[in-house]
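Every number here is computed from the coordinates shown, using simple stated rules; none is lab data. As the structure is a prediction and not an experimental result, all values here were calculated from the model. So basically every Cβ, Gly included, is an ideal-geometry build from the backbone, and we count neighbours across all protein chains shown.
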Ligand SMILES: Nc1ncnc2c1ncn2[C@@H]1O[C@H](COP(=O)(O)OP(=O)(O)OP(=O)(O)O)[C@@H](O)[C@H]1O
Ligand SMILES: [Mg+2]
């Protein structure tokens with residue numbers, strides 16, 4: 001009895017610690033005055049101001065454009081790469097897989113500055129495209145690591161059977177292999193989107209004047225002090241991420257459910 | 001057909017945008033460029049070992065270590081509680097732990113900024129009791145708080161995922177052999193959970209060591225960790241050589257600590273998996 | 001008879017409102033080999049877990065050497081368990097696994113060494129001390145699990161389908177080995193299985209369970225020869241169970257004719273189950289048979305042939321060492337002793 005009461009209280013305290021700041025942040029995005037301590041009335045003012053703010057809107061535009069473009073490119077390139085790696089011999093495959101883990105394990109700050117150095121030395125103007133390349137780079141591993149497990153589950157005989165039945169390799173790939181790895185590709189795409197929208201550090205080092213994503217804008221605003229407008233942006237981002245997460249989670253549990261049915 | 005050729009565009013991409021950039025950092029850490037050309041030098045590394053910079057490293061390692069330990073102390077019991085719950089409730093609680101993890105860490109840090117600032121909610125509430133607090137923001141403890149807050153889920157989830165996989169029968173077997181609940185924990189549960197603990201430690205220690213955002217927002221403009229130092233070298237003082245040397249040392253520290261954590265993991269899996 | 005060591009008194013248990021054990025009363029003697037036998041889900045594991053202390057009964061008592069131990073936690077009970085899937089500690093080697101219980105008792109190093117060695121000898125795994133658990137085969141892991149329990153010298157050993165995961169050959173060997181160990185050490189074994197053959201060959205006493213209720217307690221011979229109802233008869237061995245009418249004492253009608261039998265004490269014309277074991281039906285030339293039929297199928301079962309014979313509107317299973325080819329007409333002979341009459345179990 002005592003033990004279970006302790007567990008409940010502990011769980012409650014931890015969740016309070018985790019969620020109270022976020023909830024306070026969301027609540028005060030609806031606060032009439034600029035105060036972060038006194039509630040003076042409900043308003044959508046800050047959300048309206050947020051939509052009027054040119055800088056925020058421009059960074060929202062860049063965030064979404066870059067996230068979408070980078071995820072699509074990373075998904076295509078990553079899927080092709082995953083197939084290639086899958087068909088490699090053991091040693092090169094191991095090398096490639098380890099290489100794929102490298103950017104995941106590398107600290108963001110190092111990835112960021114190293115890319116920045118590269119762009120500067122190549123005299124590649126930093127801005128939209130440099131940031132796009134950086135995002136593709138850190139998204140690629142997530143796509144590959146999502147697709148690879150699906151490839152491993154793939155029944156090789158299916159592809160051979162399709163060929164045996166007279167399908168051309170392209171046709172067999174499209175009709176037999178692709179549908180089976182599609183869930184992994186989609187999960188990879190969603191993961192890439194989420195990472196991209198969420199990224200601050202790497203974007204911060206690889207962007208150039210005039211181009212910033214939401215995270216960078218928030219950072220520069222926050223450095224100057226707090227403002228309810230930031231609360232509004234963050235609340236919206238929070239809602240967005242939860243939505244994404246729900247979709248990913250839903251897909252994954254569906255995939256898992258299917259796997260269990262097969263076994 | 002040569003299907004493996006499909007990996008080549010990716011390999012090329014990785015070469016240009018991951019390997020070459022990392023190599024550049026290595027190169028820049030050992031050269032100086034002046035009018036006469038490019039020279040090899042170890043000056044940058046020598047500078048890293050000057051007392052003021054060593055102090056920054058020391059401080060970063062200390063803060064990251066303290067944060068990691070606090071995350072472990074707070075997170076381990078939480079992971080145990082999560083692992084012990086019955087299934088239906090469990091999945092909800094676990095999802096609730098995952099959500100903050102996916103939230104932008106700027107948002108999480110900023111949330112504490114608004115809570116802790118001079119006119120923030122906490123100061124105001126405590127002010128009602130007639131207590132005037134010294135500044136809550138911009139101290140070392142605030143930075144640690146921010147790190148613990150940001151990285152706690154990264155400790156809980158790996159430990160949890162190892163704990164749930166422990167066969168309940170194994171625990172009953174220990175009890176059957178005369179082990180009291182405490183001994184069951186010390187001799188069976190804890191050793192079996194070590195792989196989760198070591199990945200939790202890596203997942204907390206690494207970002208805590210390399211961050212420059214949490215220290216900047218919660219520690220103030222003069223609070224310097226390795227991350228801030230590196231950022232300064234590349235964005236303000238433009239001393240790429242020194243910045244690269246700092247990055248190389250940072251990567252070395254990370255590789256060493258990861259190797260340490262991994263080796264521990266290996267030992268405790270009885271060599272079965274590796 | 002054995003002196004009693006454990007007694008369950010009116011033990012009941014339910015999970016989420018579903019009754020899994022109902023008024024279990026069971027006495028277990030010292031040095032006895034008792035087997036709980038029954039189909040999957042009948043409550044065998046639950047009974048064992050209540051004895052082991054891992055589960056608490058909703059009502060009723062668990063008595064150990066005359067004392068109630070209802071609320072005693074497992075680590076204070078002087079009995080040990082061999083778990084269904086072994087539950088070995090994978091982070092320790094063989095030696096550490098076996099020494100686990102002894103270490104807790106703070107036994108000194110030399111004595112632990114000695115005991116581990118002894119028990120490894122007992123389970124035929126001499127020299128395996130340093131091996132990692134994951135490097136052992138299923139049968140070896142099984143024996144380590146047994147050794148780990150036995151080394152504590154418990155008065156009672158609980159075994160939950162300990163051989164369930166092994167292949168047939170190994171299973172047979174281990175059955176013999178377990179029996180040998182039990183007799184040598186003189187410990188009470190409470191053994192769970194759903195394999196009737198295993199139960200028949202190993203046990204002193206068999207407890208047949210169904211749907212959380214004890215159906216019959218008895219020696220293997222009792223259970224096999226005098227099953228109290230059709231369920232026990234069917235479960236303990238494949239049997240022919242036929243609807244019959246007990247016309248009067250010592251006279252039963254089934255399959256369209258009357259038979260002499262040895263049972264009495266039924267109501268006149270009471271409907272009963274008639275149980276006849278396949279090996280008790282003798283095949284004879286058609287003219288000599290009490291019943292006759294056509295051989296429908298023949299399977300060789302190693303020692304005997306199993307034949308299905310279609311006759312008198314019923315299909316009879318017959319075991320015989322002599323084979324009759326398919327489609328031959330045969331006669332069947334049953335002696336009064338081999339006709340078991342049972343009260344109909346009321347099925348809800
Ligand atoms: N922890 C539990 N929660 C809910 N129901 C349970 C639990 N443990 C057992 N049961 C139910 O109790 C009944 C008896 O289970 P028990 O494990 O005792 O059966 P068993 O005879 O050992 O079967 P098997 O031969 O399959 O091992 C089953 O219907 C089972 O579903
Ligand atoms: Mg069972």
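Using a simple spin-label model with pseudo-atoms 7 Å out from Cα toward Cβ, residue C:271 and residue C:56 lie 4.6 nm apart. The angle between the Cα long axis of helix C:168-185 and the longest principal axis of the Cα atoms of chain C comes to about 60 degrees, rounded to the nearest 10. As a ratio to 2.2 N^0.38 Å, the alpha-carbon radius of gyration computed for segment B:1-79 takes the value 1.85.
Full extension of the chain between residue B:182 and residue B:26 gives 51.2 nm of extra length, using 0.36 nm per residue less the Cα-Cα distance. Note that segment C:172-221, at 10 °C in a medium of 1.306 mPa s, gets a Stokes-Einstein diffusion coefficient of 135 µm²/s from its Kirkwood radius over C-alpha pairs. Calculate the translational D of segment C:238-343 in whole µm² s⁻¹ from Stokes-Einstein, where the hydrodynamic radius comes from the Kirkwood formula applied to all Cα pairs, the temperature is 25 °C and the viscosity 0.890 mPa s. In µm²/s, the coefficient is 175.
Note on chain B: helix-only mean residue ellipticity at 222 nm, from DSSP H runs of 4+ residues weighted -39500 (n - 2.57) and normalised by residue number, equals -23500 deg cm²/dmol.
Between segment C:8-51 and segment C:98-174, the C-alpha centres lie 26 angstrom from each other. Calculated FRET efficiency, residue B:190 to residue B:90, Cβ-Cβ distance, R0 = 25 Å: about 0.75 to the nearest 0.05. The C-alpha radius of gyration of segment C:233-296, expressed as a fraction of 2.2 N^0.38 Å, stands at 1.20. Between the beta carbons of residue A:48 and residue B:132, assuming R0 = 30 Å, the FRET efficiency works out to 0.25 to the nearest 0.05. For segment B:1-41, the equivalent ellipsoid derived from the alpha-carbon gyration tensor has semi-axes of 35, 9, 7 Å in decreasing order. In segment A:105-226, the C-alpha radius of gyration followed by the widest Cα-Cα span (Dmax) gives 20.0, 67 angstrom. Each of C:332, A:88 has some number of other Cβ atoms within 10 Å of its Cβ, and from fewest to most they run A:88, C:332. Peptide A:230-241 has a mean of 3 when you count, residue by residue, the C-beta atoms of other protein chains within 10 Å of its C-beta. Shown for A:114, B:198: other C-beta atoms within 10 Å of each C-beta, ranked fewest to most, produce the order B:198, A:114. Between 0 and 90 degrees, the angle of helix C:138-150 with respect to the longest Cα principal axis of chain C falls at about 70 degrees. Residues considered: A:86, A:19, A:142. Largest GNM mean-square fluctuation over chain A, using C-alpha springs under 10 Å, is found at A:19. Shielding of peptide C:103-116 by partners, expressed as the average count of other chain Cβ atoms within 10 Å per residue Cβ, is 1. For chain B, the Stokes-Einstein estimate of translational diffusion at 20 °C and a viscosity of 1.002 mPa s comes to 98 µm²/s, using the Kirkwood hydrodynamic radius over alpha-carbon pairs. Inter-chain neighbour count for C:64-77: the average number of beta-carbon atoms from partner chains within 10 Å of each residue's beta-carbon is 2.
To the nearest ten degrees, helix A:214-223 and the longest principal axis of the Cα atoms of chain A are 30 degrees apart. The convex hull defined by the C-alpha atoms of segment C:82-194 has an orientation-averaged projected area of 6.7 nm². Based on the reciprocal of the average 1/r between different C-alpha atoms, the Kirkwood radius for segment A:1-147 equals 19.9 Å. Using the Cβ-Cβ distance between residue C:169 and residue B:16 with R0 set to 51 Å, the FRET efficiency works out to roughly 0.25. Rg ratio for segment C:4-230: its Cα radius of gyration over 2.2 N^0.38 Å, N being its residue count, equals 1.02. Which residue fluctuates most in the GNM of chain C (Cα springs below 10 Å): C:284, C:252, C:94? The residue with the greatest mean-square fluctuation here is C:284. Where is the GNM fluctuation largest for chain B (alpha-carbon springs, 10 angstrom cutoff): B:190, B:182, B:205? Greatest mean-square fluctuation among the candidates belongs to B:182. Neighbour counts of C-beta atoms inside 10 Å place B:110, A:47 in the sequence A:47, B:110, starting with the fewest. Measuring between their Cα centroids, segment B:142-212 and segment A:1-71 lie 29 Å from each other. Per residue of chain C, the DSSP helices (runs of n ≥ 4 H) give a summed -39500 (n - 2.57) that works out to -7500 deg cm²/dmol at 222 nm. The helix-only estimate of mean residue ellipticity at 222 nm for chain A, built from DSSP H runs of length n ≥ 4 each weighted as -39500 (n - 2.57), is -27000 deg cm²/dmol after division by the residue total.
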